[in-house]
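Participant: Here it is, the structure in full.
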Amino acid sequence: MFGEQLLSNLAQGIVLGCVYGVATMGLSLIFGVLKVVNVGHGAFIMVGCFVTLFFFNSLGMSPFVAIPAAFLLGLGIGYVFYYSAIRRLLKAPELSTLLATFYMGVILQEVVKLIYGSEYRGFRWKVGSLSLGFTSLPMAKLYAALGSIAVALILYAWFRKTRAGTAMRAVVEDDEGARVCGVNVGGVYAMSFALGIGLTVASGVMLAMFLPVGINPYMGAEYTLKAFVIAVLGGLASPYGAFFGGLIFGIIENGSYTFLAAIPGVEPFGMTRFLSFAMLLIILLIRPTGLLRAK
Amino acid sequence: MMKHVAERCLAALLAGLCLLLFAPGTGLAQSSIVIGHPACLSGKYAKAGEQAVGGIKACVQWVNQEYGGISIDGEKHKLEYKVYDSESKKESVTSLIGRLITVDKVDVVFSAYSSGLTLRGAPITESHNMLYMDHGGANNKIFEQGFDYVVQTIGPATSYHKGTLDMIKQIAPEDKRVALAYEDSEFARMVMEGAENYAEELGFNVVFKRTYPSGVNDLTPLLNAMKAADPDFVLGGGHYEDGQLFCSQMADMDFNVKALSLIASATLPAFYEALGTNAEGVMGPSHWEMGVTFSEESAKEKGLPWIGPSQEEFISLFKENTDKNMKPDYHAAEAGAQVLAYALGVEKAGSTDSDKVRKALGDLEFMSFYGGWDVNENGMQVGHTMVNIQWQDSKRALVWPESAQTSKPVYPMPTFQEKDQGAVAVPE
């Protein structure tokens, strides 16, 4: 029974971890290139969840269609926020960009609240489930995980195989050097911010596929907190590291429940959070740059 | 000449105004009695907050228009309602209560919603010796803190699942295995404590008992463990969002039990809107439901005074006072009933002074569309009994107590697989 529960929780953890991973890649990308910490991260995820809701409930379309739409919307929002605020604050003290991204999150929350109201919403996407013997996984969750992996692979290929990706890596390595070599560093900054936001909004679609309930304008705070833990775990400036960080986080969050539940007098759910943050502290002490370095 | 005419006209106008203002029976001369409310119109409790505001507005309108205002020493006073949005945040609740008391000079403060927010606001009202009426904080602990000015209308948390347990004991005495899983909040922990004690008292076997953190977004580890405990039925929940998640993830896992009762979520129409047929058969305890049979006659039978609109009048007033085409649920009814309790308390005290009204409320016992109202010496509600609803064929049916039934309970409820194929919960 214990083994079956553990396997079941690990399977759920892997699937959830993929979604966590892709939901953190945008945060790491923006920090890696611009050294800007996006504290409004969760609000951008929330926008993606509402895009899914719109496609599914209002247009009657599959959440898959919402992925490119959410990415393009995020890209647009990213460029608008970059040119209206972030570009002017790049040389300002860190607190300025922290406040700017915080207020971007607040603006998004309030805009979505104006359109949809503040109540919790949800939808039901009936696509069956996959039986693994020891547990059954809803196909919607599997699709969310596969979508996350696909997005991560596309990003990886884009970084490695395109000139824009190479330019971005050059800016991460040494922005002055890149400028000397003819790279339009300002353009790369804008593109990185927009791409990071686009990825984050698209990850909201995956999250809504995974958890199609509880969607509301203020849902992002929980994910911001988790994204920071995952980003630090994977290496704050490394999008790939963030993906693997998410995977590890999901496995620990779900997998540890089975062990913690076996300890008498322990409320395992509360302890899984403690364990996740304790892990963050230990990693910061041992390896301050995170598990994977920026690449 | 013209100057004299103008002076006389002005004097006549002033005299007319004075007559209008101070003439007996017009009601304009008396000052209003102001209810202050840091409502939850956005954020976590927006759904319940919106209902509460609608219920209060409906009953304020009834008191002013049908009842003719609150009578003090033979003079009628209108009720006024001052509401701010606390965004369901503790820090906003405390600052808004301070503002309502010191700037808006309200006569009474209604709590925001939830046990946590109610508890957070109580020290502020206590420090101002201000009456604090609680329509949304069910935790018994609120009344164990030694507060002098808190008076409750909602029933205490420990009684939430008593009806469900009574019902299952009666209709399926062989089903003894109960699982409890509640949100780790003040309110839900108290519900769990009450449910556990009562379950053991009735001879049930509690095979699983766990809490989950507030704001949780994945319950699968807990549900996996619960499934392994093989319960006959499950009692749990905390608030709307986690209740929705609870049922949704049980469906994902095809985890079937004979009954599922979730507090503070299953009773809301939005629960069915989000979950569709998966909500069929799910139950929830409620302080009030449309269809309950409290009336002036039932008050007479119990020897209690009656006040307020009939159920139909309340529903109509509620709809008039809300922007959306909403139907009132228990959050609206308990908040509305609180207005009626306050009106009676002020009339009984003959004053709006918080000390006097608090004392009068302590001695007050009455019935309204919401049911009975009576508080103990600590201000905790003891006169109100709860009902249980079940989603049957996309409608909320009153299934317990038997005396209030609009439909028989469906037990066991359909499995999630059956529900996926379109099965609905309909009694035989």
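Participant: Name the single residue, out of those in the range B:50-67 being of a type in the set (A, V, I, L, M, F, W, C) and in contact with a Phe, Trp or Tyr (Cβ under 7 Å, 6 or more places away or on another chain), that is nearest to the other protein chains (Cβ to nearest Cβ).
Facilitator: Filtering the range B:50-67 for residues that are of a type in the set (A, V, I, L, M, F, W, C) and in contact with a Phe, Trp or Tyr (Cβ under 7 Å, 6 or more places away or on another chain), the one nearest to the other protein chains (Cβ to nearest Cβ) comes out as B:52.
Participant: All but one of (1) assigned to a helix (DSSP H, G or I); (2) out of contact with any Cys (no Cβ under 7 Å at 6 or more places or on another chain); (3) in contact (Cβ under 8 Å) with a residue 24 or more places away in the chain hold for residue A:204, so report the exception by its number.
Facilitator: Residue A:204 satisfies all of (1) assigned to a helix (DSSP H, G or I); (2) out of contact with any Cys (no Cβ under 7 Å at 6 or more places or on another chain); (3) in contact (Cβ under 8 Å) with a residue 24 or more places away in the chain except (2).
Participant: Which residue out of A:164, A:190, A:157 is farther than 30 Å from residue B:218 by Cα, over 12 Å from the mean Cα position of the chain (by Cα), in a helix (DSSP H, G or I) and free of Cβ contacts under 8 Å to residues at least 24 places away in the same chain?
Facilitator: Every option except A:157 fails the conditions.
Participant: Are any of the residues in the range B:238-248 more than 9 Å from chain A (Cβ to nearest Cβ), modelled with pLDDT of 95 or more, over 23 Å from residue A:57 (Cβ atoms) and not in a helix (DSSP H, G or I)?
Facilitator: Among the residues of the range B:238-248, not one is more than 9 Å from chain A (Cβ to nearest Cβ), modelled with pLDDT of 95 or more, over 23 Å from residue A:57 (Cβ atoms) and not in a helix (DSSP H, G or I), which makes the answer no.
Participant: Then there's this: Restricting the search to the range B:201-228, which residues are among the aromatic types (Phe, Trp, Tyr) and at the interface with chain A (Cβ under 8 Å from one of its Cβ atoms)?
Facilitator: B:212
Participant: Here is a follow-up. I'm trying to understand the selection: among the residues of the range A:175-187, which are part of a loop (DSSP other than H, G, I, E, B) and in contact with a helix residue (DSSP H, G or I) (Cβ under 9 Å, 6 or more places away or on another chain)?
Facilitator: A:181, A:183, A:184 - these are the residues of the range A:175-187 that are part of a loop (DSSP other than H, G, I, E, B) and in contact with a helix residue (DSSP H, G or I) (Cβ under 9 Å, 6 or more places away or on another chain).
Participant: Another question, if that's okay. Looking only at residues in the range A:116-139 that are more than 8 Å from every other protein chain (Cβ to nearest Cβ) and without any contact (Cβ under 8 Å) to a residue 40 or more places away in the chain, which one is nearest to residue A:5 (Cα to Cα)?
Facilitator: That would be A:133.
Participant: Related question: Given the condition over 25 Å from residue A:204 (Cα atoms) and assigned to a strand (DSSP E or B), answer yes or no: does some residue in the range B:265-273 qualify?
Facilitator: No, the range B:265-273 contains no residue that is over 25 Å from residue A:204 (Cα atoms) and assigned to a strand (DSSP E or B).
Participant: Right, here's the next one. Take the residues in the range A:115-143 that are at pLDDT below 90, among the hydrophobic types (A, V, I, L, M, F, W, C) and not in a strand (DSSP E or B), then tell me which one is surrounded by the most Cβ atoms within 10 Å (Cβ to Cβ).
Facilitator: Among residues in the range A:115-143 that are at pLDDT below 90, among the hydrophobic types (A, V, I, L, M, F, W, C) and not in a strand (DSSP E or B), the one surrounded by the most Cβ atoms within 10 Å (Cβ to Cβ) is A:123.
Participant: Going residue by residue through the range B:374-382, is there one that turns out to be in a loop (DSSP other than H, G, I, E, B) and β-branched (Val, Ile, Thr)?
Facilitator: Among the residues of the range B:374-382, at least one is in a loop (DSSP other than H, G, I, E, B) and β-branched (Val, Ile, Thr), which makes the answer yes.
Participant: Could you identify the single residue in A:64, A:54, A:44 that is surrounded by 24 or more Cβ atoms within 10 Å (Cβ to Cβ) and either away from chain B (no Cβ under 12 Å) or not in a helix (DSSP H, G or I) (or both)?
Facilitator: Within the list A:64, A:54, A:44, the selection yields A:44.
Participant: Output the number of the condition that residue B:255 fails; it satisfies all remaining conditions of (1) outside any helix (DSSP H, G or I); (2) closer than 26 Å to residue B:114 by Cβ.
Facilitator: (2)
Participant: Looking at A:85, A:70, can you tell me which residue is in contact with a Ser or Thr (Cβ under 9 Å, 6 or more places away or on another chain), over 30 Å from residue B:226 (Cβ atoms) and crowded, with 24+ Cβ neighbours inside 10 Å?
Facilitator: Only one candidate passes the filter, namely A:70.
Participant: Before we move on, is residue A:212 out of contact with any Pro (no Cβ under 8 Å at 6 or more places or on another chain), within 30 Å of residue B:46 (Cα to Cα), modelled with pLDDT of 90 or more and outside any helix (DSSP H, G or I)?
Facilitator: No.
Participant: Does the range B:226-247 hold any residues that are surrounded by 24 or more Cβ atoms within 10 Å (Cβ to Cβ) and small (Gly, Ala, Ser), and which are they?
Facilitator: Those that are surrounded by 24 or more Cβ atoms within 10 Å (Cβ to Cβ) and small (Gly, Ala, Ser): B:236, B:237, B:238, B:243.
Participant: Okay, next question. I need a count of the residues in the range B:264-294 that are away from every other protein chain (no Cβ under 14 Å) and under 19 Å from the mean Cα position of the chain (by Cα).
Facilitator: 13
Participant: Filter the range B:296-321 down to residues that are in contact (Cβ under 8 Å) with a residue 60 or more places away in the chain and on the phi < 0 side of the Ramachandran plot, then give me how many there are.
Facilitator: Number of matching residues: 14.
The rows are residues; the columns are (1) closer than 23 Å to residue B:393 by Cα; (2) modelled with pLDDT of 95 or more.
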position: B:267; (1), (2): yes, no
position: B:272; (1), (2): yes, no
position: B:283; (1), (2): yes, yes
position: B:299; (1), (2): no, no
position: B:328; (1), (2): yes, no
position: B:341; (1), (2): no, yes
position: B:348; (1), (2): no, yes
position: B:354; (1), (2): no, yes
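Participant: Here is a further query. Looking at residue B:231 and the list (1) more than 10 Å from chain A (Cβ to nearest Cβ); (2) within 28 Å of the chain's Cα centre (by Cα); (3) not aromatic (Phe, Trp, Tyr), which single condition is not satisfied?
Facilitator: It is condition (2) that residue B:231 fails.
Participant: Residue A:112 passes all but one of (1) at pLDDT 90 or above; (2) within 11 Å of another protein chain (Cβ to nearest Cβ); (3) touching a Pro at 6+ places or on another chain (Cβ under 7 Å); which number fails?
Facilitator: Against the list (1) at pLDDT 90 or above; (2) within 11 Å of another protein chain (Cβ to nearest Cβ); (3) touching a Pro at 6+ places or on another chain (Cβ under 7 Å), residue A:112 comes up short only on (2).
Participant: Then there is this: Being away from chain A (no Cβ under 14 Å) and either in contact with a helix residue (DSSP H, G or I) (Cβ under 6 Å, 6 or more places away or on another chain) or farther than 22 Å from residue B:358 by Cα (or both) narrows it down to one residue among B:89, B:47, B:78; which is it?
Facilitator: After applying the criteria, what remains is B:78.
Participant: Which number in (1) under 27 Å from residue B:348 (Cα atoms); (2) of a type in the set (Phe, Trp, Tyr); (3) in contact with a Ser or Thr (Cβ under 9 Å, 6 or more places away or on another chain) marks the one condition that residue B:84 misses?
Facilitator: Checking residue B:84 against (1) under 27 Å from residue B:348 (Cα atoms); (2) of a type in the set (Phe, Trp, Tyr); (3) in contact with a Ser or Thr (Cβ under 9 Å, 6 or more places away or on another chain), the one that fails is (1).
Participant: I would also like to ask the following. Does residue A:221 satisfy being modelled with pLDDT under 90, in a helix (DSSP H, G or I) and at the interface with chain B (Cβ under 10 Å from one of its Cβ atoms)?
Facilitator: yes
Participant: Still on this model: Listed residues A:249, A:259; which is surrounded by fewer than 24 Cβ atoms within 10 Å (Cβ to Cβ) and either within 14 Å of chain B (Cβ to nearest Cβ) or farther than 16 Å from residue A:15 by Cβ (or both)?
Facilitator: A:259
Participant: Given the criterion within 20 Å of residue A:216 (Cβ to Cβ) and free of Cβ contacts under 8 Å to residues at least 24 places away in the same chain, identify the matching residue among A:44, A:50, A:55.
Facilitator: Going through A:44, A:50, A:55 in turn, the sole match is A:55.
Participant: Right, another one. Answer yes if at least one residue in the range A:84-93 is within 11 Å of chain B (Cβ to nearest Cβ) and assigned to a helix (DSSP H, G or I), and no otherwise.
Facilitator: No, there is no match, as no residue in the range A:84-93 is within 11 Å of chain B (Cβ to nearest Cβ) and assigned to a helix (DSSP H, G or I).
The values are calculated or read from the model by the stated rules, or taken from the named source; none is laboratory data. Note that this is a predicted model, so its numbers are computed, not measured. Because the Cβ atoms are built from the backbone with ideal geometry, glycine has one as well, and the counts that use them run over all protein chains shown.
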